[in-house]
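Working notes for the structure below.
The values are calculated or read from the model by the stated rules, or taken from the named source; none is laboratory data. Bear in mind that the values here come from a model prediction, so they are computed numbers and not experimental data. Here the Cβ positions follow ideal geometry from the backbone for every residue, glycine too, while neighbour counts run over all protein chains shown.
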Amino acid sequence: MLTPSTTFVSSEDQVEVAVHDYGGDGRPTVFIHGTGLVSRMWEPVITRLGEEFRAICVDLRAHGATTNPENVNFFDHRMVADIVSVIDAFALRDAWVVGHSMGGATGLLASLARPEAFERAWVYEPIIFERTEDRPEGAFDFVEATKRRRSVFPSRKDALDRYGSRPPLDELHPECLEAYVDHGFIDLADGSVELACNPLLESRAFEQFLQDGWERVPQITMGVLVAYGARGADRPSTAAPAIASHLPLGVMEPFDDSDHFGCFNSLEAVVTSLRSWFLHANSTT
């Protein structure tokens with residue numbers, strides 16, 4: 001099991017961003033999670049990547065070990081501020097960035113605030129498509145579902161058993177699911193555990209994020225690989241090819257038999273893609 005060095009970096013809005021640095025002599029590579037998740041879910045991928053990568057996992061506001069006021073907001077520029085605070089604190093330059101869902105979008109937008117920070121990006125279904133109130137018939141309503149999400153379990157094992165037996169988290173590789181339960185819950189005095197990301201804050205993130213990101217996509221000049229689940233029917237999956245086309249140096253890669261959490265499922269395929277994209281850039285694009 002990996003044991004990172006965890007520090008806290010001050011962001012805006014009285015947010016203290018938790019940063020998990022796994023060390024090593026490789027290229028600094030920032031890993032960012034999606035809404036309601038936790039950055040240390042990337043550990044099973046990181047363990048397989050190799051010494052060429054120095055992994056730095058970042059918990060965004062209201063997630064994981066990061067602390068913040070209860071009235072914290074999640075608009076695009078607020079999320080970017082969390083990543084920028086890490087970029088500045090670690091003096092990142094020509095680093096790589098990897099992100100899932102909201103984390104992928106946040107990493108891309110942070111590259112506009114600090115153009116020299118990231119050389120290249122690998123993102124899985126970034127939530128950076130054109131904002132609209134129209135939803136396809138039958139599409140999953142994340143906001144309403146999140147408001148009803150169960151937040152307390154008798155134990156981590158109970159949480160693990162529940163998540164592993166039903167969608168959408170049953171798509172996760174067992175190691176990633178275990179990492180999520182290990183680091184995405186806090187211990188309560190009575191022995192039970194509670195989600196570190198309060199469902200009300202998670203639903204607020206779904207509502208507030210993605211205000212003007214789509215209009216800024218053409219300004220992102222670094223190479224970006226946009227990965228997505230080929231069997232996904234909801235917008236994060238179906239919009240991925242358009243996002244790749246909207247990026248000046250965008251490349252898309254479908255993951256067969258995967259949905260929105262495919263980057264935490266097919267670990268060997270993800271590692272192969274990451275290594276190819278970052279280590280063999282000239283032969284890829």
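For segment 79-135, taking the residues that are in contact with an Asp or Glu (Cβ under 8 Å, 6 or more places away or on another chain), in a helix (DSSP H, G or I) and polar (S, T, N, Q), the one that is nearest to F278 (Cα to Cα) is identified as T106. When M252 is tested against (1) under 17 Å from the mean Cα position of the chain (by Cα); (2) at pLDDT 95 or above, only condition (1) is not met.
Would you pick out the residues in segment 190-245 that are closer than 19 Å to R61 by Cβ, among the charged types (D, E, K, R) and surrounded by fewer than 22 Cβ atoms within 10 Å (Cβ to Cβ)? Give the derivation first.
Start the filter on segment 190-245 by keeping residues that are closer than 19 Å to R61 by Cβ, which leaves 194-213.
With among the charged types (D, E, K, R) added as a condition, the list becomes 194, 202, 204, 207, 212.
Scanning segment 190-245 gives E194, R204, E207, D212.
S258 satisfies every condition listed in (1) more than 30 Å from R148 (Cβ to Cβ); (2) crowded, with 18+ Cβ neighbours inside 10 Å except (1).
Does V58 fit the bill of being of a type outside the set (S, T, Y), farther than 28 Å from R275 by Cβ and touching a residue at least 40 places away in the same chain (Cβ under 8 Å)? In short, no.
Being within 27 Å of T146 (Cβ to Cβ), polar (S, T, N, Q) and in contact with a helix residue (DSSP H, G or I) (Cβ under 6 Å, 6 or more places away or on another chain) is not true of S39. Within segment 145-165, residues that are in contact (Cβ under 8 Å) with a residue 40 or more places away in the chain and under 16 Å from F261 (Cβ atoms) reach partners that are part of a helix (DSSP H, G or I) and among the aromatic types (F, W, Y) with beta carbons closer than 8 Å, at six or more positions or on different chains, in the pairs T146/F206. When the residues of segment 75-100 are filtered to those that are modelled with pLDDT under 95 and surrounded by 22 or more Cβ atoms within 10 Å (Cβ to Cβ), the one that is nearest to G26 (Cα to Cα) is V80. A Cβ distance below 6 Å, combined with a sequence gap of six or more or placement on separate chains, defines the contacts here; from segment 9-28, residues that are under 23 Å from E70 (Cα atoms) reach residues that are of a type outside the set (G, A, S) and modelled with pLDDT under 95 in the pairs D13/V72; Q14/P69. Restricting attention to segment 23-38, the residues that are surrounded by fewer than 22 Cβ atoms within 10 Å (Cβ to Cβ) and either more than 11 Å from R54 (Cα to Cα) or not basic (K, R) (or both) add up to 5.
Considering segment 167-285, the qualifying helices (runs of 4 or more DSSP H), each wholly inside and each with 2 or more residues that are among the charged types (D, E, K, R) and either free of Cβ contacts under 8 Å to residues at least 60 places away in the same chain or within 17 Å of G99 (Cβ to Cβ) (or both), run over 213-216.
Whether a residue is acidic (D, E) and under 22 Å from L112 (Cβ atoms) was assessed, and E215 passes this test. Quick one: in segment 226-248, of everything that is among the aliphatic types (A, V, I, L, M) and in contact with a Ser or Thr (Cβ under 7 Å, 6 or more places away or on another chain), which residue is modelled with the highest pLDDT? Residue satisfying both the conditions and the ranking: A227.
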